[in-house]
Amino acid sequence: MGAEQKLGNLGIVTTTLESLVNWGRTGAMWPMLFGLACCAMEMIATQAANYDVSRFGMELMRASPRQSDLMIVAGRVSRKMAPVLRRLYDQMPEPKWVLAMGDCASCSGVFNNYALVQGVDEVVPVDVYVAGCPPRPEALIDGIMKLHEKVRGESITHWA
Amino acid sequence: MVIEIIKGLGTTFKHIFQPSVTVEYPDEKRPVRPRFKGRHVLKRYDNGLEKCIGCALCAAACPADAIFVESDENRDSWRFSPGERYASVYEINMLRCIFCGYCEDACPTEAIVLEHDYELSYYDRASAIYTKEKLMDRLDDSGTATPMQVDPGEFDRAIPDMQDPG
């Protein structure tokens, strides 16, 4: 199903609006630069030439939430940082997704203490959790692929 | 100044013809190092018995408290591992685990090994908890499935003689 069905030999591609829009959303999902700790290094490595997420239409990390679709929370979020994270999430335009990269963002990992948010899903809704401390660039790309799968499966009724 | 700009752009132009360094990740995977620490696997002996004896030393060594072990008594008619006890519940939360390998070091039977799988991403936190069924190594053709029925007194020693202890 999707933009690949072809009608006879006429050179016409038929598709549904749903899959066309979802295809467009997965093809240009610009991430927001949200490096908070050591995971940021792997996120930078993912962006660099060796792994190059521009192949998936993630051309560059935006520092501005108004221009981004995907928030990659890379690193531990302290209680003081949590309101800022929420505010930046609120400033992102719909549709928006959140990827919790690494153990600390997902459930605070080894830091089981009062200073850190025990998983960013306390603050923002998370779509994909990526395990690893920090995850390899491949693991992050795998998480992004899982998110793309999720977005491709979204129906028209779920659009915001 | 114009010459400098042309020189600089010459370097850029030269790189157009050089081979790309990008690894096309989902299609082509870069091999990891032999000592890379990825997802855990619980090993078996050649006869199919589980190496894990449910001592929970891995859970004690874990700095992130990612491992939960509950042990139960072995019987000769219902045997999972050599010795008195086996792990009836063995769970690792992959989102807590920091892949440090302390569990590997703590294990007296070399049952838990960090293998090379690193593609660990989930849609919800509950599915990040790996149960014993998910972690257990697959059965070789030579081994029989656990629990197995054995002769009394055959597998009394929990910790076998190892070639390379430590």
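Laboratory data are not the source of any read-out in this text; all were calculated from the coordinates shown. No experiment lies behind these values; they were computed from the predicted model shown. Neighbour counts are summed over all protein chains in view; Cβ atoms, including those assigned to glycine, are modelled from backbone coordinates with ideal geometry.
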Checklist entry - Convex hull over the alpha-carbon atoms of chain A: what's its volume per residue in Å³? => result 114
Checklist entry - Against the longest principal axis of chain A, how steep is helix A:17-27, in degrees 0 to 90 to the nearest 10, with axes from Cα atoms? => result 50
Checklist entry - Put +1 on the Cβ of every Lys and Arg and -1 on every Asp and Glu Cβ in chain A; which of A:V84, A:V120, A:H158 then has its Cα farthest towards the positive end of the dipole? => result A:V84
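Give the average over all directions of the projected area of the C-alpha convex hull of the protein assembly as shown, one decimal, in nm². Kindly include the intermediate steps, with their values, before the conclusion.
On the way: hull surface 103.3 nm².
Its average projected convex-hull area is 25.8 nm².
Given DSSP loops and a limit of at most 15 other Cβ atoms within 10 Å, what is the longest stretch of chain B that contains no such chymotrypsin sites (Phe, Trp or Tyr not before Pro)? Display every interim value, and only then the final one.
Details: sites that count: B:F17, B:F36, B:Y123.
Counting only loop sites that pass the neighbour cut-off, the longest clear stretch is B:37-122.
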Next on the checklist: With just the Cα atoms defining each centre, how far is region A:113-150 from region B:18-68? Give it in Å.
Outcome noted: 19
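As a check on your grasp of the helix formula, calculate [θ] at 222 nm for the protein assembly as shown: sum -39500 (n - 2.57) over DSSP H runs of n ≥ 4, divide by the residue count, round to the nearest 500.
On the way: 9 runs with 81 residues, N = 326.
Value at 222 nm, helices only: -7000 deg cm²/dmol.
So for chain A: antiparallel DSSP bridges make up what percent, rounded to the nearest 5? Walk me through the intermediate numbers first.
On the way: 4 of 16 bridges.
In chain A, DSSP labels about 25 percent of beta bridges as antiparallel.
Can you tally the net charge around B:S71? Count Lys and Arg as +1, Asp and Glu as -1, for every other residue whose Cβ sits under 10 Å from the Cβ of B:S71. Intermediate results must be reported in sequence, preceding the final value.
Numbers: positive: B:R85; negative: B:E70, B:D72, B:E73, B:E84.
Result for the neighbourhood of B:S71: -3.
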Checklist entry - Taking only Cα atoms, what is the 0 to 90° angle, nearest 10, from helix B:2-16's long axis to the longest principal axis of chain B? => result 40
Checklist entry - Quick one: putting +1 on the C-beta of Lys and Arg, -1 on the C-beta of Asp and Glu, what dipole do you get for the protein assembly as shown around its Cα centre, in Debye to the nearest 20? => result 1540
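Report, as a whole number in µm² per second, the diffusion coefficient that Stokes-Einstein gives for region B:33-133 at 10 °C and 1.306 mPa s using the Kirkwood radius over alpha carbon pairs.
Working: Rh = 14.1 Å.
So the translational diffusion coefficient is about 113 µm²/s.
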Checklist entry - Along the charge dipole of region B:33-133, which of B:V69, B:I98, B:V41 sits closest to the positive end, that is, farthest toward it, with unit charges on the beta carbon of Lys, Arg, Asp and Glu (+1, +1, -1, -1)? => result B:I98
Checklist entry - Once both axes come from the Cα atoms, what is the angle between helix A:137-152 and the longest principal axis of chain A, in degrees from 0 to 90, rounded to 10? => result 50
